[in-house]
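The values are calculated or read from the model by the stated rules, or taken from the named source; none is laboratory data. Just so it is clear, the structure is predicted and the values come from calculations on it, not from any experiment. Note: ideal-geometry Cβ built from the backbone for every residue, glycine included; neighbour counts use all protein chains shown.
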Amino acid sequence: MSIRTSLKKVLPPISITEQEALDAGDVWIESSIYQGKPDMAALRSLPQGTLTADEQAFLDGPVVELINMVDDYALSNEDHIPQPVIDFLCKNKFFSMIIPKKFGGLEFSPYANSTIVATIAVASGAIAVTVMVPNSLGPGELLM
């Protein structure tokens, strides 16, 4: 009996959503990277990401304000994120950056989401992860 056959007996079936995710893409540039032969010309030919005016304003405003609120050393010695920080994240829609505006979100691009989370991570990994998780493919995309 093959490993695949054995696993099929014990693993739950793949959901429709999981199958759609598996069927949605291809190996793209990662194939050459994982083979140890990155196609640098292909990487250099990719367009550089840009932020919309709203995305840049969010990065320059609420993100900077958040970073100034956070003391990562103090945060690492506590067992929770302070309520004023959580309130700020909620008030400024940090948890709905990828949600369309028609559903009350900010409708930011994946590039903006990545840039914002990376910027926050410089100040605090814990806060960055707190912002990143609800904006990940799973929770955010499943709402739509």
Fill in the blank from the handout: If we keep only residues of the range 78-119 that are surrounded by fewer than 12 Cβ atoms within 10 Å (Cβ to Cβ) and among the hydrophobic types (A, V, I, L, M, F, W, C), then the residue nearest to residue 66 (Cα to Cα) is 90
Exercise for the section: Report whether or not residue 39 is at pLDDT below 95, surrounded by 11 or more Cβ atoms within 10 Å (Cβ to Cβ), out of contact with any Pro (no Cβ under 8 Å at 6 or more places or on another chain) and in the same structural domain as residue 133 (by TED's automatic domain parsing). Expected result: no
Practice task
Can you run down the residue pairs with Cβ atoms below 9 Å, 6 or more apart or on separate chains, where the first is in the range 115-135 and part of a helix (DSSP H, G or I) and the partner is among the acidic types (Asp, Glu)?
Solution key: 115/55; 116/55; 123/72; 125/72; 126/72; 127/72
Handout entry: Condition broken by residue 74, with the remaining ones in (1) among the aliphatic types (A, V, I, L, M); (2) more than 11 Å from residue 124 (Cβ to Cβ); (3) modelled with pLDDT under 95 satisfied
Key = (2)
Handout entry: Selection count where residues are out of contact with any Phe, Trp or Tyr (no Cβ under 9 Å at 6 or more places or on another chain) and either over 16 Å from residue 123 (Cα atoms) or β-branched (Val, Ile, Thr) (or both), scope the range 52-71
Key = 6
Handout entry: Residue count, the range 99-114 (criterion: in a helix (DSSP H, G or I) and touching a helix residue (DSSP H, G or I) at 6+ places or on another chain (Cβ under 6 Å))
Key = 2
Completion exercise
Restricted to the range 42-64 and to residues being more than 30 Å from residue 91 (Cα to Cα) and small (Gly, Ala, Ser), the residue surrounded by the most Cβ atoms within 10 Å (Cβ to Cβ) is 42
